[in-house]
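Enquirer: Before I ask anything, here is the structure I am working with.
The values are calculated or read from the model by the stated rules, or taken from the named source; none is laboratory data. None of these values were measured; they are calculated from a predicted model. Positions of Cβ are generated from backbone atoms using ideal geometry, with glycine treated the same way; all protein chains shown enter the neighbour counts.
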Amino acid sequence: MAVESHIAELLHPPVEFPGQDAGIPLTLLERRLLNEFQHDFPLSPTPFAEIAQRLDTSEEQVLYLLESLQERGFISRVGPVFKPRRIGTSTLAAMAVPAEHLESIAAYISAYDEVNHNYERDHQLNLWFVITTPDQERLEQVLAEIENYSGLPVMSLPLVRSFHIDLGFPLWC
Amino acid sequence: MVLTEKDYQLIASIQDGLPLVSHPYAEIGRQLGMGEGEVICRISEMRKKGIIKRMGVVVRHRELGYTANAMVVWDVPDERLDEVGALLGSRRCITLCYQRPRRLPEWPYNLFCMIHGLSRSAVLASIEQMVSELELEEINHQVLFSGRRFKQRGGHYR
């Protein structure tokens with residue numbers, strides 16, 4: 001049974017996973033699921049069965065573990081990552097927001113469906129967010145609305161060129 | 001590659017992830033009135049054309065213990081951008097390496113990298129090692145660690 005072997009694995013967590021330092025309980029199978037399938041996801045009719053075969057386990061177990069990893073917040077999704085500015089457009093935007101307004105302005109910005117990342121950073125420009133829209137017109141509209149709401153300038157830094165091949169997040173670093 | 005209305009429908013249905021079921025492509029097809037083969041074929045085409053830059057498990061690094069997240073920005077002389085971009089972009093621990101426009105006078109930086117680690121000290125050490133190995137001492141850089149995360153998910157294209 002999927003649940004039983006999951007519990008069995010929890011009792012014998014791997015030692016070499018760096019996340020262990022942060023007290024994160026992950027089994028060897030979970031670690032491999034997180035590490036080894038961040039790119040080149042199978043395009044066969046039954047991709048999870050294919051993954052199961054590579055991990056020497058069952059399709060049922062793979063689906064169970066992926067769902068469980070998602071529920072625990074370790075996986076945001078299993079799916080595509082689109083190249084920026086190929087479908088629609090996007091930009092990285094930065095603002096210098098007075099500390100006392102940061103929370104409320106960040107909440108206003110996060111409420112946009114067009115905003116997918118929004119982080120505080122330790123710099124005078126202390127709020128950084130990514131806006132993704134179907135077209136340039138909507139992008140500029142969102143930027144203008146944020147400037148209007150906050151009364152602060154927004155610096156927009158759209159991608160010019162990528163120097164990186166995205167293979168996912170290297171968990172062994 | 002010219003995307004059709006059907007491609008956009010497909011993008012909208014997979015941008016938040018594939019359904020975690022035995023036959024995910026058939027399931028998506030059922031929702032869109034497409035066959036399983038057509039779904040696979042269109043996704044495969046988007047991957048070949050680089051519209052999808054990767055497909056697979058998208059992890060949440062903070063939850064996995066990688067709590068130190070640095071955006072390193074560099075002021076690279078224009079004539080060295082190709083060389084330095086290629087060097088930084090191929091480092092294993094860098095998860096993004098993008099050229100963006102300068103906004104002078106307040107923002108002179110034109111190259112952006114993301115580096116994640118278990119601690120700020122580990123990330124700073126890794127940046128220091130990178131600067132020394134790649135001989136980037138003469139290129140001004142700044143490290144902007146992230147504080148609160150207000151939002152993180154994939155982009156919505158439709």
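Enquirer: Out of the residues in the stretch A:98-126 that are more than 18 Å from the chain's Cα centre (by Cα) and within 17 Å of B:Arg103 (Cβ to Cβ), state the one that is nearest to the other protein chains (Cβ to nearest Cβ).
Expert: A:His123
Enquirer: Okay, next question. Exactly one condition in (1) assigned to a loop (DSSP other than H, G, I, E, B); (2) under 19 Å from A:Ile165 (Cα atoms) is not met by B:His116; state its number.
Expert: Just one mismatch for B:His116, condition (1).
Enquirer: Still on this structure: Return yes when B:Ser22 is touching a Ser or Thr at 6+ places or on another chain (Cβ under 8 Å) and of a type in the set (Gly, Ala, Ser) and no when it is not.
Expert: yes
One line per residue, one yes/no per condition, for (1) closer than 27 Å to A:Glu30 by Cα; (2) more than 9 Å from chain A (Cβ to nearest Cβ); (3) within 19 Å of the chain's Cα centre (by Cα):
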site	(1), (2), (3)
B:Leu64	yes, no, yes
B:Asn69	yes, no, yes
B:Glu79	no, yes, no
B:Pro108	no, yes, no
B:Leu111	no, no, yes
B:Val123	yes, yes, yes
B:Met130	no, yes, no
B:Leu134	no, yes, no
B:Arg149	yes, no, yes
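Enquirer: How many residues does the stretch B:1-34 contain that are within 11 Å of chain A (Cβ to nearest Cβ), surrounded by 15 or more Cβ atoms within 10 Å (Cβ to Cβ) and assigned to a loop (DSSP other than H, G, I, E, B)?
Expert: Qualifying residue count for the region: 8.
Enquirer: Take the residues of the stretch B:81-101 that are surrounded by fewer than 14 Cβ atoms within 10 Å (Cβ to Cβ) and modelled with pLDDT of 95 or more: which is nearest to the other protein chains (Cβ to nearest Cβ)?
Expert: Top of the filtered list is B:Ala86.
Enquirer: Can you find a residue in the stretch A:55-78 that is surrounded by 15 or more Cβ atoms within 10 Å (Cβ to Cβ), touching an Asp or Glu at 6+ places or on another chain (Cβ under 7 Å), within 9 Å of chain B (Cβ to nearest Cβ) and polar (S, T, N, Q)?
Expert: no
Enquirer: Is it true that A:Val160 is touching a strand residue (DSSP E or B) at 6+ places or on another chain (Cβ under 6 Å) and within 20 Å of B:Arg54 (Cα to Cα)? Outline the logic, then answer.
Expert: Numbers: touching a strand residue (DSSP E or B) at 6+ places or on another chain (Cβ under 6 Å): yes; within 20 Å of B:Arg54 (Cα to Cα): yes.
Yes: the conditions hold for A:Val160.
Enquirer: Right, something else. For A:Ala94, which of the numbered conditions (1) more than 7 Å from every other protein chain (Cβ to nearest Cβ); (2) touching a Lys or Arg at 6+ places or on another chain (Cβ under 6 Å) fails to hold?
Expert: Unmet for A:Ala94, out of (1) more than 7 Å from every other protein chain (Cβ to nearest Cβ); (2) touching a Lys or Arg at 6+ places or on another chain (Cβ under 6 Å): (2).
Enquirer: Restricting to the stretch B:37-62, name every residue that is aliphatic (A, V, I, L, M) and at the interface with chain A (Cβ under 7 Å from one of its Cβ atoms). Don't jump to the end; show me each part of the working.
Expert: Residues of the stretch B:37-62 that are aliphatic (A, V, I, L, M), as a first pass: B:39-40, B:43, B:46, B:51-52, B:55, B:57-59.
Passing the criteria: B:Ile40, B:Ile43, B:Ile51, B:Ile52, B:Met55, B:Val57, B:Val58, B:Val59.
Enquirer: Based on this model, can you work out whether B:Leu104 counts as out of contact with any Cys (no Cβ under 6 Å at 6 or more places or on another chain), within 28 Å of A:Ile24 (Cα to Cα), among the aliphatic types (A, V, I, L, M) and not assigned by TED's automatic domain parsing to the domain that holds B:Ile14? Walk me through how you get there before you give the answer.
Expert: Working: out of contact with any Cys (no Cβ under 6 Å at 6 or more places or on another chain): yes; within 28 Å of A:Ile24 (Cα to Cα): no; among the aliphatic types (A, V, I, L, M): yes; not assigned by TED's automatic domain parsing to the domain that holds B:Ile14: yes.
Answer is no for this residue.
Enquirer: Across the stretch B:67-88, what is the total count of residues that are assigned to a loop (DSSP other than H, G, I, E, B) and touching a Leu at 6+ places or on another chain (Cβ under 6 Å)? Don't jump to the end; show me each part of the working.
Expert: Narrowing the stretch B:67-88 to residues assigned to a loop (DSSP other than H, G, I, E, B): B:67, B:76-77.
With touching a Leu at 6+ places or on another chain (Cβ under 6 Å) added as a condition, the list becomes B:76.
Total satisfying the criteria: 1.
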